[in-house]
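Trainee: Please find one structure pasted underneath; my questions will follow.
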Amino acid sequence: MQCTIHVMTASLAQQRLHQVFGYSTFRGEQQAIIEHVTAGGDALVLMPTGGGKSLCYQLPALLRSGVTIVVSPLIALMQNQVEALQQLGVKAAFLNSSLDVEQSRQVTSQLIQGDLEILYVAPERLLLSGFLAQLEQIEMHTGIALFAIDEAHCVSEWGHDFRPEYRKLTALHTQFPNVPRIALTATADAPTRADIVERLSLENARQFVASFDRPNIRYRVTHKLKAREQLEAFLETEHANDAGIVYCLSRKKVEETASWLKERGWDALPYHAGLDAGIRSQNQRRFLREEGVIIVATIAFGMGIDKPNVRFVAHLDLPKSMESYYQETGRAGRDGLPANAWMAYGLGDVVSMRQMLDSGDAPEERKQVERQKLDALLGFCESTACRHQILLRYFGEQHAGNCNQCDNCLNPVDTWDATQAAQMALSAVYRTGQRFGVVHLIDVLLGKANVKVSQFNHQALSVFGVGKHIVSAQWSSVFRQLVAGGYLESDIQAYGGLKLTQAARPVLKGEAEIWLRRDIELAGKAKASLSKAQRSSNAKAAYDGLEDDPMWHALKARRLELAREQAVPPYVIFHDSTLLEILNKRPQDLTEMSRISGVGQAKLDRYGVDFLKVLEIAIYRD
């Protein structure tokens, strides 16, 4: 009997997958998750951004009776998801602070009357006693199909986006013990995962851990020289007409960078928490609903942004952890097409991030965890190994072989025996009193005339000019890698001056060797571009030749018209990947159009004829 139910569930899931969502096959463990949850089991799902997490609760919502309640922390995410579901013919709505009283009343009425299949709600709204009481009535009459807790890492104090209200979501299990729950996240290391299980009482839930690998993303880290110019070179070479996100650490830098890009002819907009709410909303709307817009933002932007055709994510400043980096870069290429993650990184980033951590108000235990997370990211930046491998190892996953997709695999970095240079650098720090920054220390090593030798004791004179055989840029690289490697650290009390750590002792005593990466940009201006052969599999490749293809432009133009008519983002009509398949397969009728990935029955009925006409007109013109 159990086997029969399983087969029926699998068959119905496959049918709905194609009929509603327009896909012929599941990805990874989607099918196993959907069947488990549909059968009434609890689940914890760890799946990378763009891996298809949403389907893992949206499809069970359509297979089980009653309404599915989705807990989501961000308004933007709710609105994006609901717009996309409504396009598929799914009865979906959201309840959050963006709705006025009348709109909230209408949604609540739909919920009570059983007219909704999926409702997105903020945790604060969900936990109101009045709302929980309404849910109890709904459970008694029309039924609750499922509770889906999205962005579940928000429950963990050790995670990168802790939300205290998530801790109270155990109330769902207490009040509704017979309703299955599914918790989902794209980023959670082992401690965070354990915290999610404990805090949400998911000890008996089945855990599904998909690969964290994002093979369509090319990771690249470049030595920061002139960051804006390097960024523009990268954009000009590989993303001239693409949508993307540029992350900066401070609000001031966000606004300055956005203004600079705009002056240079790029369609760039700022986004940070200090902007007027109306401007923030307007800029986010433009980014989501227009083509080729670049958003320059702090980390206030991004979580829950569902735009699938973000072709690049660039960092002009260092993120605070590997989790943050992984999540932020994961906003690129959600449609599965090639995308770039580019970062300019320098010694100043290392010093400023460590100063921010050390000077914060967090308990020492928390600071220690954050230091370890930052150290892991610094190791990623300085490593000569495959970047995909490093990321996966951090999340406890092994990855065999090089990716041939990151900068280190495509342009292997030389290493050099820097033991003697490291001893000179460490000695310069020690003999000048462990109170100077890197610029002054390099001047000392180079014997620059501007250094006042009279300030030093007789010991300091032994390092003055000792490093003249190494150029200033190379010394900067040496100091940066020594800081990243934990041999030097910033001293807050000395206003950012460098001081030795215990790890420096064996190096100074000649008991340990130091091998450092040789930065390829030191000989001149940093190159953002790749060779033609190397670009063959990057973000440009999927679109090669499309800029000159009139049919591609006609398909995009019709999509944009339809999107504007309905005031929704273009990707809600069809993803770029679906348009590319339409372009390549050139369906001749609705039956052939129905076989295109991403064209379910509702979209076929609404848009099939429109896009067939575009193809006919384009073919006629040819």
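Since every read-out is calculated from the coordinates, none of them should be taken as a lab result. Just so you know, these numbers come straight off a predicted model, no measurement behind them. Note that each Cβ is placed from the backbone with ideal geometry, even for glycine, and that neighbours are counted across all protein chains shown.
Trainee: What is the extension gain from ASN450 to GLU229, computed as 0.36 nm multiplied by their sequence separation minus the C-alpha to C-alpha distance, in nm to one decimal?
Mentor: Extending this stretch completely gives an extra 76.6 nm.
Trainee: Return the FRET efficiency for the residue pair LEU590, HIS553: r is the Cβ-Cβ distance, R0 is 25 Å, and the value is rounded to the nearest 0.05.
Mentor: 0.60
Trainee: Dipole of the chain, Cα-centred, from +1 at each Lys and Arg C-beta and -1 at each Asp and Glu C-beta, to the nearest 20 debye? Don't skip to the answer; put the middle values down first.
Mentor: Values: 68 positive and 71 negative charges, 246 e Å.
Dipole size: approximately 1180 debye.
Trainee: I need the fraction of alpha carbon pairs in the chain separated by more than 42 Å, rounded to a whole percent.
Mentor: In whole percent, the share of Cα-Cα pairs in the chain beyond 42 Å is 30.
Trainee: Moving to a separate point now. Pairwise over distinct Cα atoms, reciprocal of the mean inverse distance: report the Kirkwood radius of region 217-410 in Å, one decimal place.
Mentor: Radius from the Kirkwood sum: 17.3 Å.
Trainee: So if we plug the beta-carbon distance of GLN207 and ASP605 into 1/(1 + (r/R0)^6) with R0 = 51 Å, what FRET efficiency do we get, rounded to 0.05? List each step's numbers first, then the result.
Mentor: Details: r = 39 Å, r/R0 = 0.76.
E between GLN207 and ASP605, to the nearest 0.05, is 0.85.
Trainee: Separate question: Just to verify a number: FRET efficiency for GLN420 and GLN502, C-beta to C-beta distance, R0 = 22 Å, to 0.05?
Mentor: Efficiency, from the Cβ-Cβ distance: 0.60.
Trainee: Nothing charged except the Cβ atoms of Lys and Arg (+1) and of Asp and Glu (-1): what's the magnitude of the dipole of region 2-209 about its Cα centre? Round to the nearest 20 debye. Working shown, then result.
Mentor: Values: 14 positive and 20 negative charges, 69 e Å.
Dipole about the Cα centre, nearest 20: 320 debye.
Trainee: So what's the angle, to the nearest 10 degrees on a 0 to 90 scale, between helix 190-199 and the longest Cα principal axis of the chain?
Mentor: With rounding to tens, the tilt is 40 degrees.
Trainee: Compute the distance in nm between two label points, each set 7 Å from the Cα along the Cα-to-Cβ direction, one at ALA32 and one at SER281.
Mentor: Label at ALA32, label at SER281, 4.4 nm between them.
Trainee: Loop by DSSP (not H, G, I, E, B), at most 11 other beta-carbon atoms within 10 Å: where is the longest site-free stretch of the chain for trypsin sites (Lys or Arg not before Pro)?
Mentor: On the way: sites that count: LYS452, LYS468, LYS509, LYS525, LYS532.
Value returned for the longest uninterrupted segment is 1-451.
Trainee: Sticking with this one: In region 545-621, with Lys and Arg counted as +1 and Asp and Glu as -1 at Cβ, which of these residues, HIS575, ALA557, VAL599, has the Cα nearest the positive end of the dipole, that is, farthest along it?
Mentor: Final value for the positive-end residue is VAL599.
Trainee: Order these by the 10 Å Cβ neighbour count, fewest first: ILE182, ILE75.
Mentor: Least crowded to most crowded, the residues run ILE75, ILE182.
Trainee: Further question on the same structure: Name the longest site-free stretch of the chain, where the excluded sites are GluC sites (Glu not before Pro) in a DSSP loop with no more than 12 other beta-carbon atoms within 10 Å.
Mentor: For GluC sites (Glu not before Pro) (loop position, at most 12 other Cβ atoms within 10 Å), the longest site-free span of the chain is 204-510.
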